[in-house]
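These notes are about the structure you will find just below.
The values are calculated or read from the model by the stated rules, or taken from the named source; none is laboratory data. Note that this is a predicted model, so its numbers are computed, not measured. Virtual Cβ from ideal backbone geometry, glycine too; neighbours counted across all protein chains shown. Surface areas here come from the heavy atoms of the whole protein model, side chains and all, with no ligands, DNA or RNA. Shrake-Rupley method; radii C 1.70, N 1.55, O 1.52, S 1.80 Å.
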Amino acid sequence: MGAVLPLPMHGVGGSTDLPIPFLYAIVGASWALTISFAVLAFAWKEPRLQAAPATAGPGAAESPGGGAGPGVAGSPGGGAGRGAAKRAEPSRRPWLAVLGALLAAWFLGALFLGPDDATNPGIAAFYILLWVGLVPLGLLAGHVWKDLSPWRSLQWLVGRATGRPEGFMAYRDVWGYWPAAVGLFAFVWLELVSPDAGDVTTVRTWVAAYAVVTVLGGVLFGPRWFDRADPFDVYSAFVARLAPLVRDRRFDPHDPLRSLPLLPVAPGLVAAIAVLLGSTAFDSFSASERWQSGSHSTLTTSLVLLLFCVVVGVAFVAASVATGGVTPRERRALPGLMAHSLVPIVVGYIFAHYLTYLLERGQAAAIDLLQLLGVGNGLEVSYFLSEHPDVLAVYKVGFVVAGHVVAVVAAHDRALALLPRAHRLTGQLAMLVLMVGYTFTGIYLLFSV
């Protein structure tokens, strides 16, 4: 059984493998964003992806759930598509819940009952198939993790047995996404910083602690806990907003730029997305020759990872509030109301950095798991992308640029709905500069390894 090492989780190939000249990639990406903004500024002058605000500015109040008030969009999600009606979300599908339980048993069985060394296939399944696989799964099937989650199933069973399906106490709105942000940081720290990231005992301990906290939180606070505090559930929900074929876990082909603004706004939203974006940037940075040539303590590496996440979040907040014509209260609400525009960048970075890892090492991980069941012998891993560096280069740069262009469109349309008419253009200039900076940094890190 071939072992799949969980670290380092970097895209296959470095700067010498990428045939696109670095300067061309940077200039082309920057011009793509600038031209996109110029076209939007002159041709897209009214909001098209959500209802226009009833009053100028980001709205007079926020909903209890942390979403936009009626002056912004009229829905707790922070904005509905033009003419869209709020639909009741369907209940979990039992057959998917059973499938999720079986898959969880397969994974947990491999991790806890498999070899006590790095050949344990549960390690690779954890880092590759689960973490990276959540992104393409969310884009293809929407928030299907909500149906598959074994922790939601356990909470449902306990709630049914105790007569408390909604938990024993209310989840406080002020907590928002902060527990998920902490959980996401705990995962990326384990993956990117921990000196024992590939140790089976360490992974077992992390997974066990995560399962206990998640199930207990679900029992105490009900399904709301998973919506706001479970890092994998929240991650899946973010990505699912960009699923073009599924909406509200139903097959419903639509423009994903209309469902993206419906991302629920709550405290900690920017922090959770900043962890996803900042950790991906740090992953590439930590694989660079400059970083690898030095010796760094765990504390130093932890602080640098945290710094990446903080810089991403603080820069976005600063760019979001850099506008005139709004009250202090409206200005404070802007980062959360604009945060959905970061999701396409996260998805673009994940594909640019990890898709090769998922497709190639993920195949090996899946084969190892199948061999535990006595099948999969004779299957071989295809290394198509590694063997075609030109294709690899195009998709790396392309995904980064595409993610930022979509982000510019989402941010522009939201700004039109939120900002006073006199500041609709000037109020977006700081965000454009930030997007160009994100793009430059992302492509630079792609070529720095």
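A compact table of results
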item: Any pair with Cβ under 8 angstrom, 6 or more apart, that starts in region 186-206 at a residue that is touching a residue at least 40 places away in the same chain (Cβ under 8 Å) and ends at one that is open to solvent by 60 Å² or more (accessible area, probe 1.4 Å); result: G198/L5; V200/D116; V200/D117; T201/D116; R204/F112
item: Residue that is open to solvent by less than 40 Å² (accessible area, probe 1.4 Å), of a type in the set (V, I, T) and modelled with pLDDT of 85 or more, where the choices are V132, V98, V72; result: V132
item: Hits in region 184-222 (condition: among the hydrophobic types (A, V, I, L, M, F, W, C), surrounded by fewer than 19 Cβ atoms within 10 Å (Cβ to Cβ) and at pLDDT below 95); result: none
item: Inter-residue pairs, beta-carbon under 6 Å, first within 13 Å of W225 (Cα to Cα) and of a type in the set (F, W, Y) and in region 154-168, second crowded, with 17+ Cβ neighbours inside 10 Å and modelled with pLDDT of 95 or more, 6+ apart; result: none
item: Scope region 301-331; condition loosely packed, with under 15 Cβ neighbours inside 10 Å and at pLDDT below 95; matching residues; result: G324, T327, P328, R329
item: Residue ranges of helices (runs of 4 or more DSSP H) in region 332-449 with at least 1 members open to solvent by 10 Å² or more (accessible area, probe 1.4 Å), over 24 Å from P256 (Cβ atoms) and at pLDDT 85 or above; result: 362-372, 429-448
